[in-house]
Amino acid sequence: IRRKPTSPGAGEHPLQYNYTFWYSRRTPSRPANTQSYEQNIKHIGSVASVEQFWKFYSHLVRPGDLTGHSDFHIFKEGIKPMWEDEANKNGGKWIIRLRKGLASRFWENIILAMLGEQFMVGEEICGVVVSIRFQEDILSIWNKTANDQVTTSRIRDTLRRVLNLPPNTIMEYKTHNDSLKDNSSF
Amino acid sequence: GTRIIYDRKFLLDRRNSPLAQ
């Protein structure tokens with residue numbers, strides 16, 4: 001399916017990049033192999049301006065109101081939210097585990113930081129994911145180059161600032177290569 | 001090139017713009 005290119009409308013404030021929203025959901029009993037992952041992930045729309053973002057976002061369910069095993073992904077247009085994508089294959093992600101009840105607020109803040117280009121790491125950011133699970137929720141931010149420590153440190157420090165994380169929050173960095181090896185996202 | 005940077009307040013202020021409805 002060919003999609004119409006996304007562009008800002010008259011009078012709108014353009015974003016540095018266009019972003020695409022994806023949604024996925026699976027039953028925990030089903031194995032998370034690559035094929036079922038790709039089949040489960042649904043493209044839900046793209047935005048090119050601040051105004052398009054709000055229009056789109058305000059119609060979405062807040063992640064804290066989702067149930068079961070589901071994920072929202074927002075990635076730069078052209079990057080699939082998969083380890084195998086060219087932009088992700090040498091990359092990794094910061095993982096922040098959140099107790100139940102915090103996901104919606106942290107999700108909105110991490111999106112605003114990404115759309116507003118607050119991370120200052122050039123082209124490195126690929127996208128963000130919120131993962132709703134049974135015991136806890138998980139926020140991740142993916143970048144292109146896992147072994148670039150200047151970049152990953154700057155992303156971590158920016159996250160601490162923009163999310164105003166509680167002092168006891170544990171942040172872990174995981175390369176997608178390691179996720180592939182142990183067949184586990186977190 | 002120039003980067004388009006928006007702070008959180010700027011983005012939140014656009015939320016209720018007629019263009020965002």
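We did not get these values from a lab; they are worked out from the coordinates using the rules stated. These figures come from a predicted structure and were not determined experimentally. Cβ sites come from the backbone with ideal geometry, for glycine too, and all protein chains shown count toward neighbours.
Per residue, the average separation of C-alpha pairs within less than 8 Å and at least 6 apart gives segment A:98-147 a relative contact order of 41 percent.
Across peptide A:46-55, what mean number of C-beta atoms from other chains lies inside 10 Å of a residue's C-beta?
Per residue, the average neighbour count from other chains is 4.
Build a GNM of chain A with springs between Cα atoms under 10 Å apart, and of A:Val61, A:Val47, A:Val130 the one that fluctuates most is A:Val61.
Nearest 20 debye, what's the magnitude of the dipole of the protein assembly as shown about its Cα centre given +1 on Lys and Arg Cβ and -1 on Asp and Glu Cβ?
400
Summing Lys and Arg as +1 and Asp and Glu as -1 over all other residues whose Cβ lies under 12 Å from the Cβ of A:Ile132 gives a net charge of +1. Here the relative contact order of chain A, from alpha carbon pairs under 8 Å that lie six or more residues apart, stands at 23 percent. Among the chymotrypsin sites (Phe, Trp or Tyr not before Pro) in segment A:105-165, those placed in a DSSP loop whose Cβ has at most 13 other Cβ atoms within 10 Å are A:Phe134.
Annotation: amide H-H contacts under 5 Å for A:Phe119 (H modelled 1.01 Å from N, sequence separation of 5 or more, or interchain): none.
Across all directions, the shadow cast by the convex hull of chain A built on its C-alpha atoms averages 10.8 square nanometres. Relative contact order of segment A:113-186: 23 percent, from C-alpha pairs under 8 Å at least 6 residues apart in sequence. Rounded if a/c is under 1.5, else prolate if a/b is larger than b/c, else oblate: which is segment A:79-186, with a ≥ b ≥ c the root eigenvalues of its Cα gyration tensor? Oblate, since a/c reaches 1.5 and b/c is not below a/b.
Legend: mean number of C-beta atoms from other chains within 10 angstrom of residue C-beta atoms, peptide A:94-101, equals 0.
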